[in-house]
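Worksheet for the structure shown next.
The values are calculated or read from the model by the stated rules, or taken from the named source; none is laboratory data. Everything numeric in this text was worked out from a predicted model, so none of it was measured. Here the Cβ positions follow ideal geometry from the backbone for every residue, glycine too, while neighbour counts run over all protein chains shown.
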Amino acid sequence: MTHARQHTIQVVAHRGASEDAPEHTLAAYVKAIEDGADALECDVRLTADGHLVCVHGRRVNRTSNGRGAVSTLELADLAALDFGSWKDSHESPDWSDREYTSVLTLERLLELVADAGRRVELAVETKHPTRWAGQVEERLVRLLRRFGLADPPTPAESAVRIMSFSPRSLQRAAAAVPTVPTVYLTQFVAPRLREGRLPAGARIAGPSIRIIRNHPAYVERLHEAGLQVHVWTVDAPEDVDLCVRLGVDAIITNRPKQVLSQLGRT
Ligand code: G3P
Ligand code: CA
């Protein structure tokens with residue numbers, strides 16, 4: 001039998017409040033903070049001129065009015081694009097301000113978090129880290145240092161964590177910033193997950209909600225192994241209920257406002 005743990009489940013805004021506002025834009029993150037999210041999730045990719053930008057896809061085609069791979073475009077190319085108009089329905093704190101739907105750099109997102117006026121954590125996912133042979137993690141760590149986030153006394157005190165599907169990327173991150181927690185993302189049931197183990201360098205399990213629906217007992221197994229469990233992407237109310245019953249540690253959702261309300265936190 002599974003015993004839910006007594007703790008507050010962290011609500012993480014996936015790509016910002018991305019159900020209401022265009023994902024990975026300032027509009028989506030400002031809304032997530034206003035909605036009361038505990039943490040913000042973002043994907044990061046390197047531009048051709050070495051800037052970390054918050055974009056999910058390898059190419060910008062789906063979420064902007066431009067075309068091409070982020071890795072072949074410079075920041076100035078991306079800055080000329082509109083990352084908001086692809087989404088037809090949206091809520092925005094200030095839709096008229098162009099910055100709200102421009103490409104978002106990780107640096108700008110870190111500034112937003114620093115100015116939030118309350119503790120807002122950041123879960124940064126490294127995308128396509130193998131192509132760049134360590135450069136994504138290197139730039140990320142440099143930015144974390146600049147914002148005073150690279151050396152928390154303990155992982156539990158860290159306001160940032162680094163997530164990836166790539167064990168190699170997590171290893172690099174763990175070597176550079178050992179007290180910043182790392183999250184191993186999985187969408188398939190890897191044997192080690194079944195056994196409550198993670199790859200070297202990873203501290204937190206990040207299974208998809210589909211894994212948890214099919215194998216709810218894994219949560220207890222991972223907890224018994226001393227690991228936190230952060231589940232993505234949890235939008236359906238019945239999935240939120242499942243996560244609550246199982247006592248997961250973080251729910252990563254496109255709908256932070258609705259999830260907080262379901263959890264009785266608004
Ligand atoms: O939070 C983890 C989740 O974002 C991983 O999948 O494709 O949405 O980046 P994806
Ligand atoms: Ca992601």
Can you confirm whether the stretch 22-35 contains a residue that is under 20 Å from Thr233 (Cα atoms), touching a strand residue (DSSP E or B) at 6+ places or on another chain (Cβ under 6 Å) and acidic (Asp, Glu)? no
So which residues in the stretch 25-49 are β-branched (Val, Ile, Thr) and more than 16 Å from ligand 1 (Cβ to nearest atom), if there are any at all? Val30, Ile33, Thr47
Residues that are among the small types (Gly, Ala, Ser), modelled with pLDDT under 95 and closer than 17 Å to Asn254 by Cβ, drawn from the stretch 44-97: Gly84, Ser89, Ser92
Out of the residues in the stretch 44-59 that are within 16 Å of ligand 2 (Cβ to nearest atom) and among the aliphatic types (A, V, I, L, M), which is farthest from the chain's Cα centre (by Cα)? Leu46
What pairs come out if I take residues in the stretch 165-178 that are farther than 17 Å from Ala150 by Cβ and pair them with residues that are away from ligand 2 (no atom under 15 Å from the Cβ) and at pLDDT below 95 whose C-beta lies under 6 Å away, six or more apart or interchain? Pro167/Pro199
Within the stretch 231-249, track down each residue that is under 19 Å from Ala17 (Cα atoms) and within 16 Å of ligand 1 (Cβ to nearest atom). Val231, Trp232, Thr233, Val234, Asp235, Ala236, Asp239, Val240
Identify the single condition in (1) away from ligand 2 (no atom under 15 Å from the Cβ); (2) in a helix (DSSP H, G or I) that Tyr29 does not satisfy, given that it satisfies every other one. (1)
Among the listed residues Gly201, Gly206, Gly196, identify the single one that is more than 20 Å from the chain's Cα centre (by Cα), in contact (Cβ under 8 Å) with a residue 12 or more places away in the chain and closer than 22 Å to Ala173 by Cα. Gly196
Quick one: which residue in Gln228, Gln258 is away from ligand 1 (no atom under 16 Å from the Cβ) and modelled with pLDDT of 95 or more? Gln258
Considering only the stretch 37-84, state which residues are in contact (Cβ under 8 Å) with a residue 40 or more places away in the chain and either of a type in the set (D, E, K, R) or more than 20 Å from Glu125 (Cβ to Cβ) (or both). Asp38, Glu41, Asp43, Arg45, Arg58, Gly84
Scanning for something touching a helix residue (DSSP H, G or I) at 6+ places or on another chain (Cβ under 6 Å), within 21 Å of Ser164 (Cβ to Cβ) and surrounded by fewer than 23 Cβ atoms within 10 Å (Cβ to Cβ), does the stretch 62-80 turn up at least one residue? no
Is there any pair with a first residue in the stretch 226-245 that is of a type in the set (Val, Ile, Thr) and a second that is outside any strand (DSSP E or B) and surrounded by fewer than 19 Cβ atoms within 10 Å (Cβ to Cβ) whose Cβ atoms are under 6 Å apart and which are 6 or more apart or on different chains, and what are they? Val240/Gln262
Read through the list (1) over 19 Å from Gly57 (Cα atoms); (2) within 16 Å of ligand 1 (Cβ to nearest atom); (3) surrounded by 19 or more Cβ atoms within 10 Å (Cβ to Cβ), then give the number of the only condition that Ser169 fails. (1)
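Matching residues to (1) among the aliphatic types (A, V, I, L, M); (2) more than 16 Å from ligand 2 (Cβ to nearest atom):
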| site | (1), (2) |
| --- | --- |
| Thr126 | no, no |
| Ala133 | yes, yes |
| Val136 | yes, no |
| Leu144 | yes, yes |
| Ala156 | yes, yes |
| Val160 | yes, no |
Test for Arg119: is it at pLDDT below 95 and exposed (fewer than 15 other Cβ atoms within 10 Å of the Cβ): no
